[in-house]
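Working notes, structure below.
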Amino acid sequence: MNPRDLQEVRFTPLFAKLTDEQLGCLDPGEIIEAPVGTLLASEGERTGLFHVLLEGEVRATRTYDRQSILLGINKPGNYLGETMLLLDIPWVATCRVSKPARLFRFDEESFWRMLITCQTVAREIFRSAANRMRNLEGYSQQREKLVSLGTMAAGLAHELNNPAAAARRAAAHLQQTTDKVQSYLCQLSKTLEPEHWQTLLNAAQEASAQNSPELDHLARSDRAEAIAHWLDAHGVAVAWDLAPTFVNAGLDLVWLEALAAKLPPATHADAIGWLEARLNLKSLVSQVEQSTGRIEKLVKAVKSYSYMDRSPMQEVDIHEGIESTLTMLGHKLKNVTLVRAFERSLPRIMAYGSELNQVWTNLIDNAIHAVNGTGKICIGTSLEDNQLVVEIVDNGPGIPPEVQAHMFEPFFTTKSVGTGTGLGLIISNRIIADRHGGEIEFESRPGETRFKVRLPVNP
């Protein structure tokens with residue numbers, strides 16, 4: 001560097017305290033010019049470079065859930081790249097020039113030589129790197145929680161939609177069916193004698209109490225066709241629409257013939273129509289009950305998952321937390337073979353229930369990702385050496401040995417940019433180790449990855 005450039009670099013805050021004797025550590029560096037749009041580093045890559053901004057502006061962004069989030073704007077005097085060189089990790093952000101810039105640049109070898117020879121610079125860089133990582137990790141943890149919450153909300157919306165839609169359809173049909181029942185009653189009140197009314201009511205009760213037989217699709221179709229022809233012969237309108245109701249109720253031609261023989265022929269069409277409407281009414285009410293019951297179960301799972309209306313630290317049953325987590329992740333587990341191997345006699349423990357559920361969510365979601373949503377996952381619980389043990393095993397391709405060494409490093413992720421924060425296992429490990437005095441361990445080989453969480457019974 002020429003003397004003029006050297007003085008320009010020396011007057012930046014980072015190098016302002018260097019003595020004349022220490023200026024030699026700047027010699028390996030070079031000054032570059034970068035127009036707007038120049039990419040200094042991309043998230044996930046290794047550049048091996050350290051930059052000090054002399055003029056212009058550089059924006060740092062990070063992708064979260066496929067959204068680019070602005071982390072900060074670097075002004076003259078700021079520097080970037082030290083954290084990645086110190087920790088030997090890929091860039092955790094994308095840095096792009098937003099105003100024409102001049103930068104002082106070091107390669108990795110020169111950067112480390114500078115740290116060795118210039119203690120004042122090293123001290124400032126270490127302090128800055130620690131603060132930067134702390135701030136980035138804190139922000140990313142909040143984003144991790146928001147992403148987790150978004151995943152749960154999306155899953156809950158998906159799970160709630162089906163029973164809600166079923167209940168809505170059943171409610172709409174209920175009104176129509178109720179009108180049909182009243183219409184048939186008006187017609188039958190003019191033609192049926194009291195003893196015939198009793199026969200019809202008894203038949204309705206008997207039909208409601210019938211157990212529907214287990215029929216395959218072909219057998220059900222054949223029975224429905226036979227009943228439809230019989231209804232048509234007895235003057236019942238839309239016979240093909242009504243026949244499935246009698247099949248679902250477990251009725252056959254013999255039963256219908258016996259009922260028809262006890263009623264006046266002129267009333268057959270209205271009497272059979274009323275019976276079908278009444279059976280359909282019962283089926284619709286049952287559908288509404290099942291749908292609302294499913295919604296109630298989901299609401300209970302949400303309250304259990306979040307430990308709503310409960311104190312943070314309390315006596316918990318880990319099975320309850322795992323089950324509520326599985327319910328919340330149900331939309332992702334539809335094509336996964338899930339095996340439970342629970343030791344139901346395990347004691348309850350004092351724990352932060354909602355935080356443990358965050359751990360189960362992360363580990364199970366990772367397992368689902370490992371099997372690509374279609375493999376096999378086994379969740380087991382046991383008691384070993386006065387510790388509760390939760391094992392989550394998947395039959396995915398396994399974790400490569402070179403990846404295993406970095407599993408618990410901040411921001412390390414094997415997922416594509418923007419789909420993982422690289423903090424899931426870090427947060428889970430802190431919850432288990434720091435908050436509960438337990439530990440997380442794992443082992444992996446092709447075809448099996450096993451995560452084991454240990455929680456002391458008496459923390």
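Tabulated data
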{"read-out": "With DNA, RNA and ligands ignored, accessible area of His268 (1.4 Å probe; Å², nearest 10)", "value": "20 Å²"}
{"read-out": "Which labelled figure in [x] 22.4; [y] 32.3; [z] 19.1 is mean projected area of the Cα convex hull in nm², once derived from the coordinates", "value": "[y]"}
{"read-out": "Pairwise centroid distance, computed over Cα atoms, of the stretch 215-232 with the stretch 4-48, Å", "value": "84 Å"}
{"read-out": "With every protein chain in place, the stretch 187-334: carbon and sulfur % of accessible area (1.4 Å)", "value": "53 percent"}
{"read-out": "Exposure ranking of Ile125, Ile89 by accessible area [1.4 Å probe, largest first]", "value": "Ile89, Ile125"}
{"read-out": "Cα→Cβ-extended label distance, 7 Å offset, between Asp252 and Val457, nm", "value": "5.7 nm"}
{"read-out": "Full-stretch length increase - Leu174, Thr292 - with 0.36 nm per residue and alpha-carbon distance subtracted", "value": "41.0 nm"}
{"read-out": "Entries of Lys17/Lys75; Lys17/Lys99; Lys300/Lys376; Lys376/Lys452 with Cα pairs more than 24 Å apart", "value": "Lys17/Lys99; Lys300/Lys376"}
{"read-out": "Full-stretch length increase - Glu193, Ala260 - with 0.36 nm per residue and alpha-carbon distance subtracted", "value": "22.7 nm"}
{"read-out": "Accessible surface, per residue, of the stretch 3-68 when the full set of protein chains is kept, probe 1.4 Å, Å²", "value": "54 Å²"}
{"read-out": "Contact order normalised by residue count of the stretch 184-289, Cα under 8 Å, 6+ apart, percent", "value": "39 percent"}
{"read-out": "Separation of the Ile116 and Asn386 label points, Cα + 7 Å toward Cβ, nm", "value": "5.0 nm"}
{"read-out": "R0 of 41 Å, Cβ-Cβ distance Arg344-Glu443: FRET efficiency to nearest 0.05", "value": "0.95"}
{"read-out": "Solvent-accessible surface (1.4 angstrom probe) belonging to Arg134, in square angstrom, nearest 10", "value": "150 Å²"}
{"read-out": "Computed helical MRE - 222 nm, the chain, DSSP H runs ≥ 4 contributing -39500 (n - 2.57), nearest 500", "value": "-16500 deg cm²/dmol"}
{"read-out": "Surface share of carbon and sulfur [accessible, 1.4 angstrom probe, percent] for the stretch 58-98", "value": "47 percent"}
{"read-out": "Estimated FRET transfer efficiency when R0 is 41 angstrom, pair Arg127-Ala433 (beta carbons, to 0.05)", "value": "0.95"}
{"read-out": "Sites matching trypsin sites (Lys or Arg not before Pro) across the stretch 315-400 that sit in DSSP coil, with at most 14 neighbouring C-beta atoms within 10 Å", "value": "Lys334, Arg344, Arg348"}
{"read-out": "FRET E, pair Thr337, Ala16, Förster distance 56 Å, beta-carbon r, rounded to 0.05", "value": "0.35"}
{"read-out": "Relative contact order [Cα under 8 Å, 6+ residues apart], the chain, whole percent", "value": "13 percent"}
{"read-out": "For Glu315, solvent-accessible area (1.4 Å; no DNA, RNA or ligand), Å²", "value": "100 Å²"}
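The values are calculated or read from the model by the stated rules, or taken from the named source; none is laboratory data. What you see is a predicted model, and the numbers here were worked out from it, not measured in a lab. So basically every Cβ, Gly included, is an ideal-geometry build from the backbone, and we count neighbours across all protein chains shown. When the accessible area is computed, the model is the full protein with side chains, heavy atoms only, and any ligands, DNA or RNA have been set aside. Shrake-Rupley method; radii C 1.70, N 1.55, O 1.52, S 1.80 Å.
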